[in-house]
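Have a look at the structure below, then the notes.
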Amino acid sequence: MASQRRANPPEEWERQRQTITDLYSEKPLKDVMAEMEKHHGFKARQVMLPLLQMSIHYSNSDVFYSAWQFENQIREVWGIRKNTKRKEWEAHFEQDGDLESIQRTPAGHDNTGFFRNFVESLADTKSLSRCLEGAVRMEHSEMVCFLLDIGANPFTNEVLKAALTGHKEMLHLLFDKTRPRRAIPKCIRAGVISSVMDESLGSPQALEALLETRAVNLIATERIEMVDGEVTPLGLALVSLLKTPGKDPWMVQMLLTAGSDPNGVAKRVEYGIMQNYTGLMMALKTNRRGIVQLLIDSGADVNLKPRFALKWTPLQYAAKLGHLDMVRMLLERGAEVNAEPAIWSGGTALQFAAISGNCNIAQELLANGALLGALPSRVEGRWPLEGAAEHGRLDMIEFLWTAAIAKGGIDVVGGFERRHCLRAMDFARRKGHLGCRDLISALSGIPIDRLDAEDYGAPWLAYSDSSYSLSSSDEDTLFPIGVSEQADSDNDDYTDMTSQRSPDYVIIGGGTSGLVVANRLCEDPNVEVVVLEAGKDLSLDPRQYKSLQGLAGRSIRQPLGKVLGGSSAIDSQASIAPGKAEIDAWAKLGNPDWDWASLVPSYRKAYTLISPSDEATIRHLGIDWVNDEYRGVSGPIKVSFLGVVENPLCRAWIESFEGLNMVTSADPFSGVSIGGYSNTATVDPDTKVRSYAGSAYGGPARQRPNVRIITDAQVQRITFTETSLGIVRATAVEALVDGKTEIFPSAKEVILAAGVYNTPKLLELSGIGDKTLLDRHGIPVRVDLPGVGENLQDHLMTGLSYEAVDSVVTGGPLMRQEPEVLALAQKLYVENKAGPFTIGGVQSHAFMSTPDASALLDKLPRSLRPTDSEYYDTVRSIIEAPGGSSGAWLMFLAQTNLHEGGKSFVGTQLLPENYVSLGCVQSHPFSRDTTHISSADVNAAPDINPSYFSHPADLEILARHLQDLDTKLRPVQQLAHFLKSNGKRNHPDAFHVRDLEGAKKYVLDTATSAYHSCGSAAMLPREKGGVVDPELVVYGTENLRVVDDSIFPLIPRGNILSSVYAVAERAADIIKGH
């Protein structure tokens, strides 16, 4: 094969140096190569670094590899750049940035050929883009096409703006030239649209030219300096109307016609604070009836509720602005005059009118049914009298008092409750508005000295649960009446009102399952969701746990995905299907409607399988098993095959299992397959980037105004109230955000998605768990639920590394961070979306059984504890069944160094040779144990004890799988061909695994977690140690659910991520149908 040829020796290159240099000064590299081969008989013999052979798709890969070697010799070894005039051109370019000064020399003659050489020699894409920008301004079509051919990016703001500046025909050329080669991204955002606002371009024709490209992103926001915020194209057009009163709104009209969302959210800085606005709100600020009418006619919602991204309804905002005509217009179009305010710092329209002191707007609102006593925002809200007093509105105080009396308020202060008057007087005093303080004192008859004698509540809390309620007799006047100490604090009317102002769902955990559920719930625009995520970036939780049994006290590091998207953001990307048998076992263990047939739709709903487009790759990977009955076709997660024809080991894996008569028996996602196959990965095949919950589910959710995702939010506990039936109801979540304790109330449900360790931890910290444990840590018991933290399961894995023959491509050089390889791999990925960074970790997988499993298990004890009897019988039945899988085999092109004490699967002390590794992973362990809090301190790490190998069957089975890798799979000719017959291995003990005792020792010394822990809040009957019922509601609670892998009653085989997605999808359906 080509990769075995030796490189041209240095002396051979030197003999050709002068010829190559002369040619390179005037011709492109490909012409230099062609002439050297045709006329001088010289050709680069080495294909290239072997690492890259397996991972690049090129129609003629030898040409590419030879070109790389030529380029490396000329530029890096000889230090030669394109030609002698390059420095002169660069000086011109840096001096005035004018490409014409480079293309045309002082003598005035055309140097297009030299110019081609110059730009071809540019190594960075930024310089190429600058050249393309200049070529567009020069309207040099030939040069534009040439630059696009060699990789210049046509979608930068600078290039697009240049095309708009009097060169619109260039705009069409950019897109027409690019479109046949790849899909045009929605790359035109507000930054480019801003060019249309220049005087020279301020015409509908310029915007029309942009829209015709079909590349305008009407949804995404972009930060614009002139706006001092992030806006959509529509938002930018509306801001321009604010800056130029009287300007024709043609741009707004065109963008709305093109499909812009008038309810989309943009951000602007006002008074030093970043605020959120919809298109209608920006239109209201123009105070121009025609523009507002245009937005409303295009679908703007006049009753869009305040959400976490928005503080006001359109009517509330118009009242806040003091635009009477806008208020009247919105009322005419059906705006709700008493629409409820945001939870924080909001207000009703009347309350904002009172704050601004606009009596005309207040009169208009009252005439249309505004209520003086409507509840304000709970936090930092102001009743009308309080808002007027705080802002020094004497006229408004008198107006409100008169209006209250006219409404018929009858209480001790003639229309306003005493506590409100005291609060209003205090606000006025704090702000120095003593005239307002004295006026309220005179109207109410409350002496000023009572301000320091009576308790009227914290100024930031407008009302509390036990202080106010609204009785049915107040329907006409709705003045807030103080209740007596004997009043029922659970008043139903009050509960109904406050529930509408709290988010419907508070989700604890923005990991994989949390974002799936959040995204699905917020598809309903009337549902409000808050997600509290402890992490923000891709840092890993440094905590470790220690197995107290089975691994001789070795500690194993357990990384947690503290990032939006959770573990799906940091895993190996392998997409492995579960088995039908274990999912059916979920139902048999006491969970009706949780069998395989019921869950298959949820698996399919989560992903889209994208098969290779060419027959050669399909044959090479042996992909003849895809069954459309189980194939996902429209899910958010993109799943693809990363194996490539350039990697012979992918084919060797399939042929080896064919030789063993163990190639896969069915589509793995049918749940009944056994044997070897080429597995899929969660990678988008078009963009070559990871497809995970953060992008596929979190991305759409964050675009919606009814969801708020808060990162760096460390949840402390869940708060509860007890119902009359003795069941506890989750009312709020207490979290530490930016160093402050925040309370997040929930109107409907609190949803736990904190993961296998933090979900039971938060349950116990909140008083739900084993009473003995909670008493020991001084935590009040809400629900005595001993199953919390029990049933913890995980997969162990181990592996052997074999030295590869010299022709085999492996990831060794990249793992060892060899500079040349690393630089080239990065370049390939950035510029071509190719190379080793696109192939993932595992491409070859197999589900395998244990021969004579029944006879082996008969020699060993059954369950070690009486409570494990049913669990033991379930696992055994799966392993013993025909086609049952007790382990998984896999291959990856790198070394393992597992004797370093569980630091990682790969290790840190990398060997200098190149290796191919064969690994095995448990499918259904018999061992399980616990994870519990170690103290009442939320920052204390939990006590985690998985008790690996506590049941002897686990060691016996895993050791036999390791033996089989060495004695059955490795010797198969198709695979052995690529491994040195007497080659090195990763450790001396790796030569002794043919003996069962040697294999057991190797397993005990090297086994590490596959990071598939689950089951710590199991969906089981309560009497069997369950924590949640089949509706995923925690036993003893009314509205607390768990939706993550903690609920798995039995661990599925393979990577459990596909099951995490499926359970979360199913959970969202359950919640939406509740």
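Since every read-out is calculated from the coordinates, none of them should be taken as a lab result. Keep in mind that what you see is a predicted model, and the values were worked out from it rather than measured. Positions of Cβ are backbone-derived with ideal geometry, glycine not excepted, and every protein chain shown enters the neighbour counts.
Descriptive notes on the structure:
- Anisotropy class assigned to the stretch 655-746 is prolate, per the alpha carbon gyration tensor with a/c at or over the 1.5 cut-off and a/b larger than b/c.
- Residues whose placed amide H lies under 5 Å from that of Ser575, excluding near-sequence neighbours: Thr680, Ala681, Thr682
- Put the Cα centre of the stretch 336-359 next to the Cα centre of the stretch 382-408 and the gap is 13 Å.
- Three-way shape call for the stretch 1023-1074 based on the alpha-carbon gyration tensor, with the a/c threshold at 1.5: oblate
- Taking a Cβ cut-off of under 13 Å around Met797, the surrounding Lys, Arg, Asp and Glu residues balance to a net charge of -1, with basic ones at +1 and acidic ones at -1.
- As a proxy for reagent exposure, ranking Glu880, Glu629 by other Cβ atoms within 10 Å from fewest up yields Glu629, Glu880.
- If you sort the three axes of the alpha carbon gyration tensor as a ≥ b ≥ c, you get a/c of 1.5 or more for the stretch 919-1074 and a/b above b/c, which makes it prolate.
- Members of Lys161/Lys285; Lys588/Lys1000; Lys688/Lys984; Lys588/Lys1024; Lys320/Lys431 lying beyond 23 Å, as alpha-carbon distances in this model show: Lys161/Lys285; Lys588/Lys1000; Lys688/Lys984
- Other residues lying with their Cβ under 12 Å from the Cβ of His323 contribute a combined charge of +3, Lys and Arg counting +1, Asp and Glu -1.
- Cα centroid of the stretch 719-742 to Cα centroid of the stretch 856-885, whole Å: 41
- Using θ = phi - 60° in the Karplus curve 6.51 cos²θ - 1.76 cosθ + 1.60, the 3J(HN,Hα) couplings for the stretch 436-447 round to 5, 4, 5, 5, 5, 4, 5, 5, 8, x, 8, x Hz; x is entered for Gly and Pro.
- Residue order, fewest to most beta carbons within 10 Å, for Ser260, Ser724: Ser724, Ser260
- Sequentially through the stretch 633-640, phi angles give Karplus couplings (6.51, -1.76, 1.60; θ = phi - 60°) of 10, 9, x, x, 7, 8, 10, 9 Hz, Gly and Pro residues having no value and appearing as x.
- Per-residue Cβ neighbour counts within 10 Å put Asp667, Asp868 in the sequence Asp868, Asp667, beginning with the fewest.
- For the stretch 286-303, 3J(HN,Hα) computed residue by residue from phi via the Karplus equation (6.51, -1.76, 1.60; θ = phi - 60°) reads 5, 6, 10, 4, x, 5, 4, 4, 4, 5, 5, 5, 8, x, 5, 8, 6, 10 Hz, glycine and proline entered as x.
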